[in-house]
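The structure appears below as structure tokens.
The values are calculated or read from the model by the stated rules, or taken from the named source; none is laboratory data. Being a predicted model, the structure only gives us computed values, none of them experimental. Please note: Cβ atoms are built from the backbone with ideal geometry, for glycine as well, and neighbour counts cover all protein chains shown. Surface accessibility is based on the protein's heavy atoms, side chains included, excluding ligands, DNA and RNA. Shrake-Rupley method; radii C 1.70, N 1.55, O 1.52, S 1.80 Å.
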Amino acid sequence: MGWKVVMLLAAALGAAGPGVALPAHAADPALPEARIRTEVTRLVPPPWRVEEVTVTPQPGRGGPAASSSSSSSATSTATARVVVRLSLGEPTFTVEGRDGPLTFIRPVAAPPLEKTLNAVATVTRGKTGVETRIDLKNPEVMQGLGQPASALPGLTVIAGSDEARRLQDEREETARRRMAEEQERQTHEGALLSQVAAAARAEAERMEAERRAVEARTARITDLRAKLTGADRPARIAAYEAAMGGNDATLRQIAFEAAVRSRDPVLANLALKDWLARRRSIPIQLFATKEDPSSDQVVQNLGPLTVEIESFTPITGAVAARMGAPGYSIARPSGAIGSLAQTELILNSYGCTLALRLTEHATLDGLLRCQTLPTLIARVTLD
């Protein structure tokens, strides 16, 4: 309230006439008490709480610190004495000892303990704004009173309390129980060793049975591969159909890979029919041709080409699908029909023809020809 009195006095004297002199501290800037309180609160650590902050201006210690031809560039400083009433927010303790996870503590202080903190606030106003500095004069009043229990390590318990004795008794009981268990374990060590030996024998028998199972499976796979690569076509086809009709996913995969890599068009055709019957979507990889320099840009603009299988008839090899890519209107998804003949798949869509043939690398390679696009190389990876 002191600064308000000063400002009122300054206004009154100004009204009296230009010949009346103002007190030296009348030019001090108004002290921002809310800001001073905020700064002081920031400097007070927990568990202390700020209950009251009293700001008393110190007339005559401020005034213009610097000036220039422009009044807007002047800098002024004001100081105030700050008295802060603190109260302890929660009890504090010191550590007396540790026992495993337990931390034994002693009370030091408890609410409603109050302290008075003195400080000096310096407020500087300039063209860059207002700067507030707080200098604590007796910060030691907030020190030496221990810490809250929540800031101490381990499970805190008051030394000498009933709870401390109970927890210590529990730890001792746990130690005795563990010792008894260890003695019992040693007493029955012979029986345990016998059990371990029996378990070792059982594990050896299990491993032997597993080894025999691995050998039997290896022999089955070897036999399947031998039949699929043998000279007898009926035997190859029978072995392939038996593997594909079974529930063993590994044997089905082996049979499929052997069939598409074989040079037998009949066996390869069966594998391609099985593959098409399982597929709902076929991604087509497109590549530029060296003969047409513009084809590289076309591949980049065209985007991914996809064939969505709508129906496939294994007996005739007829395929109905939708084929398209997002890059060109002529290649957007549209109806496509075609067929699988031996190892060659041909699909015709609006303005485009996709012709693919099985290669020895287990891929379908060929060309994509569209009326308004250069010819592109196409590839499908069989999986």
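Miscellaneous remarks
- Rg ratio (alpha-carbon, reference 2.2 N^0.38 Å) - region 250-371: 1.10
- Compared with the dominant principal axis of the Cα atoms in the chain, helix 233-245 is inclined by about 30°.
- Over the chain, Cα pairs under 8 Å with separation of 6+ residues give a relative contact order of 8 percent.
- Spin-label model, GLU140/ARG35: points 7 Å from Cα along the beta carbon direction are separated by 3.3 nm.
- Judged by the mean number of other Cβ atoms found within 10 Å, the most tightly packed of the peptides 206-212, 154-160, 167-173 leads the ranking 154-160, 167-173, 206-212.
- Table column - 3J(HN,Hα) (Hz), region 42-49, Karplus curve with 6.51, -1.76, 1.60, x for Gly and Pro: 5, 8, 9, x, x, x, 6, 10
- Placing a label point 7 Å from the Cα of GLU291 along the Cα-to-Cβ direction, the residues of region 367-383 whose backbone N falls under 15 Å from that point are 367-371, 373-378.
- Spatially proximal aspartates and glutamates relative to LYS290 (Cα-Cα < 19 Å; intrachain offsets below 8 disregarded): ASP365
- Extension gain (nm, one decimal) between ARG212 and THR375, 0.36 nm per residue minus Cα-Cα: 53.1 nm
- Here the gap between THR56 and SER281, fully extended at 0.36 nm per residue and compared with their Cα-Cα distance, gives a gain of 72.8 nm.
- Under 21 Å from the Cα of LYS137 - lysines, other chains or at least 8 residues apart: LYS115
- Global form of region 159-250, assessed from the alpha-carbon gyration tensor, a/c cut-off 1.5: prolate
- LEU43-THR353 FRET efficiency (beta carbon distance; Förster radius 56 Å; 0.05 resolution): 0.10
- Three-way shape call for region 301-383 based on the alpha-carbon gyration tensor, with the a/c threshold at 1.5: oblate
- Tensor-based shape of region 87-144 (alpha-carbon gyration tensor, a/c under 1.5 rounded, otherwise prolate or oblate): prolate
- Where only DSSP H runs of four or more residues are counted, the chain gives -12500 deg cm²/dmol as its mean residue ellipticity at 222 nm, each run worth -39500 (n - 2.57).
- Legend: residues ILE337, ILE221, sorted from most to least accessible area (1.4 Å probe; ligands, DNA and RNA excluded), read ILE337, ILE221.
- Rolling a 1.4 Å probe over the protein heavy atoms gives the chain an accessible area of 60 Å² per residue.
- All lysines inside 21 Å of LYS227 as judged from Cα atoms, apart from same-chain residues fewer than 8 positions distant: LYS273
- Residue-level accessible surface for MET244, protein heavy atoms, 1.4 Å, Å²: 40 Å²
- Computed label-point distance, nm, for sites THR313 and LYS115 using a 7 Å Cα→Cβ extension: 9.5 nm
- Rounded to 10°, Cα long-axis angle of helix 249-261 versus longest principal axis of the chain: 60 degrees
- Estimated at 0.36 nm per residue, the fully extended path between GLU172 and GLN147 surpasses their Cα-Cα distance by 6.1 nm.
- Distance between the modelled labels on VAL130 and THR94, one decimal in nanometres: 4.3 nm (7 Å Cα→Cβ projection).
- Accessible surface of GLU181 - all protein chains present, 1.4 Å probe, nearest 10 Å²: 100 Å²
- Degrees between helix 162-187 axis and first principal axis of the chain (Cα, 0 to 90, nearest 10): 30 degrees
- Listed residues TYR350, TYR240 arranged by accessible area, highest first, probe 1.4 Å: TYR350, TYR240
- Relative contact order (percent, whole number), region 157-290, Cα cutoff 8 Å, 6+ residue spacing: 11 percent
- Taking θ as phi - 60° and the Karplus parameters 6.51, -1.76 and 1.60, the scalar couplings of region 300-314 work out to 5, 6, 5, x, x, 9, 10, 10, 9, 6, 9, 7, 8, 10, x Hz in sequence order, x denoting glycine and proline.
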